[in-house]
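> Structure in structure tokens, see below.
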Amino acid sequence: MWKKAFSQAPGYQRKGRKTRIRLKTLEELKEFIDYEHIKHCLMRPYFEVQDYPLVEARELLPSFEVDLYEHKNLPGFSMVAFERQLNSFQEIFQFDALHSPSDWEEMLIQDSCSVAENVRSTNLRTFLSRLPKRYHQDFLGKFESKDICALGNYDRMLPFLLELERAHVLAQDSSGEFTLQGMYASLPSNLDSELKQFGLKIGKFKPGNNLLYECNRLFVYQFMMELHGFPIVSERRTSSAMFAIRLLRQHERFIVRVLGQSDRTITTLMPPPKGTHRRSVKYPRVEKIALIQVNENQKELVEVLKDQGFFIDPKKRVVILRVTYQQHDYNARNVREDRALSVLKQEIIHPITGRIIEGLNIIQNVRNMILRLNDIVRGEYRIPVNYKRQELIESTETHEHRLKVLYVWLSKHMHRIVDYSDDYYSQLVRVLDAYLLSPEHYDVFNEYHDLHQEVWSRYSQIQQARKIRVLEELRSRKYKGETISYKRSLELTAEILNDLKFEIVNYFDKLVVKILIIGNDVVSDAYLLRTYVRNEDKDLSPYGREVKKLYQQLVMLLDEFRAIRKSRISSQSGSGQ
């Protein structure tokens with residue numbers, strides 16, 4: 001199957017070895033390497049490696065999980081491409097240069113045979129100096145008299161490029177066409193300065209404040225990495241992200257691409273397309289391609305994909321999925337302040353024609369998530385889960401494992417659950433309450449008291465966050481998509497705060513801070529103060545007096561929350577926390 005991959009894709013089938021491949025724009029190059037990398041780095045291993053570890057749909061959902069295994073038998077690489085010629089001395093990274101014959105155009109006119117042969121020989125020697133010796137004979141048998149820089153040979157070069165630990169470089173030659181221009185490249189990672197600058201920018205660090213730095217470093221590190229499509233992982237992916245940041249600041253036209261042996265996912269970083277909102281141009285566009293299994297519960301989708309030939313393995317319902325992400329600025333006032341990335345677009349790629357289907361929800365399907373939650377509480381979940389980076393859980397047969405997986409599941413999907421519609425959220429609540437509050441499980445939950453409390457705490461955090469999410473909208477006098485009056489807005493705000501006041505038995509300081517921030521914004525509203533609060537009751541209409549009364553009630557509620565927080569902080573500092 002993999003050998004026929006994209007054989008009918010427009011523009012790809014004509015790019016055979018007998019035809020010179022002429023690619024002059026970054027977009028043309030990206031389409032070409034998409035096909036090559038999917039074919040040789042994803043599809044080929046799938047059919048040649050026994051028990052190929054498919055990527056779980058949840059692994060493509062932010063926030064990204066730390067890898068569980070390093071699959072040494074699977075390919076991995078990093079690559080950078082530039083829409084310009086390379087200038088070896090002025091480049092900001094180190095690499096071994098390769099040259100296409102066209103780079104020596106003037107000399108070729110005088111003595112074409114010897115110059116071209118010398119260029120090819122030099123390229124071969126350079127490549128062999130970095131290639132492990134066990135591959136030399138095979139490499140020479142295929143390329144001894146060939147131009148290894150030509151894109152027509154890129155598909156045959158890939159198996160050898162995948163054996164190099166460092167990045168290969170594509171760029172334009174002197175004729176303006178893309179060729180292989182470098183190998184064994186070290187992509188610089190200025191992680192320390194990037195991390196500290198970003199932390200200062202979002203207000204999590206302050207110059208010289210060691211305690212603040214130590215408390216918030218992990219949050220800043222995780223948020224910054226996720227903006228560029230990764231969890232905190234290997235040096236290969238970290239340096240790729242840092243290098244992309246640097247190239248974007250220099251207004252380069254580039255592609256940075258990396259495939260991890262652990263994540264089995266091709267991640268691409270490149271400048272945002274033209275027309276991108278100015279807030280988003282400061283981050284590279286993040287795109288991931290992986291082989292995933294379509295859930296059997298999506299029966300209509302499975303039928304469509306099967307009929308149109310989108311499965312690379314119909315029995316296992318395996319498809320090629322490309323996901324494009326959207327970055328979000330850090331916002332301390334947002335209840336979902338640690339959300340750096342969300343899914344913008346999902347595309348399924350046809351393995352033969354390259355045709356794309358958009359608009360299908362493969363990885364964010366709420367119904368599938370509810371079914372997965374049911375599987376967890378019933379003990380039928382069989383997908384490996386990494387619990388707090390300390391323990392790998394293979395199944396949920398025991399209640400201990402169910403509670404641990406439930407904690408991970410709630411933590412992973414917290415942002416999405418906070419945004420669920422009331423209908424879907426009520427389904428989730430029914431499943432969780434039926435398990436966590438079931439009388440028949442009391443003895444088991446007493447035995448695993450700390451674990452049960454951990455799950456219950458995360459569940460309570462989600463419940464409170466959903467209410468604060470409504471408060472965020474009420475701050476702008478919006479409720480369920482409609483604009484409401486000041487009176488109705490204050491009524492609903494006071495009602496939610498009253499509920500939260502009794503729910504913060506499970507206390508989350510960050511959520512209480514959000515409550516106080518939102519509440520202060522509401523009570524500081526200039527129009528509200530000028531029109532109602534600062535006027536005498538006798539000068540107000542009955543409606544105005546109602547608004548003023550609700551305002552005073554809201555101020556009292558906020559004072560209660562301040563008192564609760566002050567008490568909590570005092571008790572924590574008194575206990576040495």
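> Having 1 or more residues that are at pLDDT 90 or above and charged (D, E, K, R) is the bar; report the helices (runs of 4 or more DSSP H) wholly within region 382-484 that clear it. Walk me through it before giving the result.
Values: elements: 399-412, 414-418, 422-436, 442-447, 449-474.
Passing ranges, in order: 399-412, 422-436, 442-447, 449-474.
> Would you mind stating whether Lys510 is out of contact with any Gly (no Cβ under 9 Å at 6 or more places or on another chain), touching a residue at least 24 places away in the same chain (Cβ under 8 Å), assigned to a helix (DSSP H, G or I) and open to solvent by 70 Å² or more (accessible area, probe 1.4 Å)?
Details: out of contact with any Gly (no Cβ under 9 Å at 6 or more places or on another chain): yes; touching a residue at least 24 places away in the same chain (Cβ under 8 Å): yes; assigned to a helix (DSSP H, G or I): yes; open to solvent by 70 Å² or more (accessible area, probe 1.4 Å): yes.
Taking the combined requirement at face value, the residue satisfies it.
> On to the next question. Taking only region 194-243 into account, find how many residues are within 22 Å of the chain's Cα centre (by Cα) and in a helix (DSSP H, G or I).
First, the residues of region 194-243 that are within 22 Å of the chain's Cα centre (by Cα): 194-199, 201-202, 204, 216-243.
Filter once more, keeping what is in a helix (DSSP H, G or I): 194-199, 201, 216-227, 235-243.
Here the count works out to 28.
> Next up: Go through region 367-381 and count every residue that is open to solvent by 30 Å² or more (accessible area, probe 1.4 Å) and either aromatic (Phe, Trp, Tyr) or not in a loop (DSSP other than H, G, I, E, B) (or both).
Of all residues in region 367-381, those open to solvent by 30 Å² or more (accessible area, probe 1.4 Å) come to 367, 371-372, 374-375, 378, 380.
Still in the list and also either aromatic (Phe, Trp, Tyr) or not in a loop (DSSP other than H, G, I, E, B) (or both): 367, 371-372, 374-375, 378.
Residues in region 367-381 being open to solvent by 30 Å² or more (accessible area, probe 1.4 Å) and either aromatic (Phe, Trp, Tyr) or not in a loop (DSSP other than H, G, I, E, B) (or both): 6 in total.
> Go through (1) open to solvent by 50 Å² or more (accessible area, probe 1.4 Å); (2) touching a residue at least 24 places away in the same chain (Cβ under 8 Å) and name the single condition Arg488 misses.
Going through the list (1) open to solvent by 50 Å² or more (accessible area, probe 1.4 Å); (2) touching a residue at least 24 places away in the same chain (Cβ under 8 Å), Arg488 breaks only (2).
> Further, regarding this structure: Here are the criteria: (1) modelled with pLDDT of 90 or more; (2) surrounded by 20 or more Cβ atoms within 10 Å (Cβ to Cβ); (3) over 22 Å from Pro272 (Cα atoms). Tell me which single one Glu48 does not satisfy.
Just one mismatch for Glu48, condition (2).
> Still on this model: Quick one: in region 303-326, of everything that is open to solvent by 20 Å² or more (accessible area, probe 1.4 Å) and part of a strand (DSSP E or B), which residue is nearest to Pro284 (Cα to Cα)?
To start, the set of residues in region 303-326 that are open to solvent by 20 Å² or more (accessible area, probe 1.4 Å) comprises 303-304, 306-309, 313-317, 322, 326.
Still in the list and also part of a strand (DSSP E or B): 313, 322, 326.
Numbers: Asp313: 33, Arg322: 16, Gln326: 10 Å.
Top of the filtered list is Gln326.
> Can you pull out the residues in region 347-381 that are β-branched (Val, Ile, Thr) and over 21 Å from His452 (Cα atoms)? Write out each step before concluding.
So the first thing to find is which residues in region 347-381 are β-branched (Val, Ile, Thr), and the list is 348-349, 352-353, 356-357, 362-363, 366, 370, 376-377.
Within region 347-381, Ile348, Ile349, Ile352, Thr353, Ile356, Ile357, Ile362, Ile363, Val366 meet the criteria.
> Can you tell me which residue is nearest to Gln293 (Cα to Cα) among those in region 336-366 that are hydrophobic (A, V, I, L, M, F, W, C) and open to solvent by 20 Å² or more (accessible area, probe 1.4 Å)?
If we filter region 336-366 for residues that are hydrophobic (A, V, I, L, M, F, W, C), which is where we start, we get 340-341, 343-344, 348-349, 352, 356-357, 360, 362-363, 366.
Filter once more, keeping what is open to solvent by 20 Å² or more (accessible area, probe 1.4 Å): 343-344, 352, 356-357, 360, 366.
Working: Val343: 18, Leu344: 20, Ile352: 18, Ile356: 17, Ile357: 16, Leu360: 14, Val366: 16 Å.
Going through the qualifying residues, I end up with Leu360.
> Checking the conditions here, which among Val533, Val505, Val522 is touching a Leu at 6+ places or on another chain (Cβ under 9 Å) and either of a type in the set (A, V, I, L, M) or modelled with pLDDT of 90 or more (or both)? Talk me through it step by step, then tell me what you get.
Working: Val533 fails: touching a Leu at 6+ places or on another chain (Cβ under 9 Å); Val505 fails: touching a Leu at 6+ places or on another chain (Cβ under 9 Å).
It is Val522.
> Exactly one condition in (1) within 26 Å of Leu471 (Cβ to Cβ); (2) open to solvent by 30 Å² or more (accessible area, probe 1.4 Å); (3) of a type in the set (Phe, Trp, Tyr) is false for Tyr442; which is it?
(1)
> May I pose another question? Filter region 530-560 for residues that are among the aromatic types (Phe, Trp, Tyr) and crowded, with 16+ Cβ neighbours inside 10 Å; which is farthest from Lys501 (Cα to Cα)?
Initial filter on region 530-560 (among the aromatic types (Phe, Trp, Tyr)): 532, 543, 551.
Right, trim to crowded, with 16+ Cβ neighbours inside 10 Å and you get 532, 551.
Working: Tyr532: 26, Tyr551: 17 Å.
Step by step, filter region 530-560, then rank; the result is Tyr532.
> Any residue in region 188-206 that is closer than 25 Å to Gln94 by Cβ sitting within a Cβ distance under 9 Å of a residue that is surrounded by fewer than 14 Cβ atoms within 10 Å (Cβ to Cβ) and modelled with pLDDT of 90 or more? List the pairs, counting only those 6 or more apart or interchain.
Pro188/Ile92; Pro188/Gln94
> For Met157, only one of the following conditions fails: (1) open to solvent by 40 Å² or more (accessible area, probe 1.4 Å); (2) modelled with pLDDT of 90 or more. What is its number?
In the conditions (1) open to solvent by 40 Å² or more (accessible area, probe 1.4 Å); (2) modelled with pLDDT of 90 or more, Met157 misses (1) alone.
> Before we move on, is Glu31 modelled with pLDDT of 85 or more, open to solvent by 50 Å² or more (accessible area, probe 1.4 Å) and either in a helix (DSSP H, G or I) or out of contact with any Phe, Trp or Tyr (no Cβ under 7 Å at 6 or more places or on another chain) (or both)? Spell out how you get there, then give the answer.
Values: modelled with pLDDT of 85 or more: yes; open to solvent by 50 Å² or more (accessible area, probe 1.4 Å): yes; either in a helix (DSSP H, G or I) or out of contact with any Phe, Trp or Tyr (no Cβ under 7 Å at 6 or more places or on another chain) (or both): yes.
It is true that Glu31 is modelled with pLDDT of 85 or more, open to solvent by 50 Å² or more (accessible area, probe 1.4 Å) and either in a helix (DSSP H, G or I) or out of contact with any Phe, Trp or Tyr (no Cβ under 7 Å at 6 or more places or on another chain) (or both).
> Residue under question is Ile504, and the condition is that it be within 30 Å of Val455 (Cα to Cα), surrounded by 14 or more Cβ atoms within 10 Å (Cβ to Cβ) and in contact with a Phe, Trp or Tyr (Cβ under 7 Å, 6 or more places away or on another chain); does it hold? It would help to see each step written out before you state the result.
On the way: within 30 Å of Val455 (Cα to Cα): yes; surrounded by 14 or more Cβ atoms within 10 Å (Cβ to Cβ): yes; in contact with a Phe, Trp or Tyr (Cβ under 7 Å, 6 or more places away or on another chain): no.
Here the answer is no, as Ile504 does not meet what is asked.
> Also, I was wondering about something else. Being under 24 Å from the mean Cα position of the chain (by Cα) and β-branched (Val, Ile, Thr) is the filter here; which residues of region 289-332 pass it?
Ile289, Ile292, Val294, Val318, Val319, Ile320, Val323, Thr324
> Can you find, within region 389-425, the residue that is most open to solvent (accessible area, probe 1.4 Å) among those that are under 19 Å from the mean Cα position of the chain (by Cα) and of a type outside the set (A, V, I, L, M)? Even if it seems obvious, please write down each step before you answer.
Step one: list which residues in region 389-425 are under 19 Å from the mean Cα position of the chain (by Cα), which gives 389, 408-419.
So of that shortlist, the ones also of a type outside the set (A, V, I, L, M) come out as 389, 409, 411-413, 415-416, 419.
On the way: Arg389: 139, Trp409: 18, Ser411: 44, Lys412: 18, His413: 10, His415: 36, Arg416: 39, Asp419: 72 Å².
Within region 389-425, the match that is most open to solvent (accessible area, probe 1.4 Å) is Arg389.
> Then there is this: Which one is least open to solvent (accessible area, probe 1.4 Å) among residues in region 267-288 that are β-branched (Val, Ile, Thr) and over 12 Å from the mean Cα position of the chain (by Cα)? Walk me through how you get there before you give the answer.
The first filter runs over region 267-288 and keeps only residues β-branched (Val, Ile, Thr), leaving 267-268, 276, 281, 286.
Retained after the next criterion (residues that are over 12 Å from the mean Cα position of the chain (by Cα)): 276, 281.
On the way: Thr276: 46, Val281: 70 Å².
Restricting to residues being β-branched (Val, Ile, Thr) and over 12 Å from the mean Cα position of the chain (by Cα), the top hit is Thr276.
> Just one of Arg236, Arg264 is over 16 Å from Ser189 (Cα atoms) and surrounded by 16 or more Cβ atoms within 10 Å (Cβ to Cβ); which is it?
Values: Arg236 fails: over 16 Å from Ser189 (Cα atoms).
Residue meeting the stated conditions: Arg264.
The values are calculated or read from the model by the stated rules, or taken from the named source; none is laboratory data. Keep in mind the model is a prediction, meaning the values are calculated, not measured. When we count neighbours, we look across all protein chains shown, and the Cβ atoms used for this are built from the backbone with ideal geometry, even at glycine. What goes into the accessible areas is simple: the full protein's heavy atoms, side chains included, and nothing from ligands, DNA or RNA. Shrake-Rupley method; radii C 1.70, N 1.55, O 1.52, S 1.80 Å.
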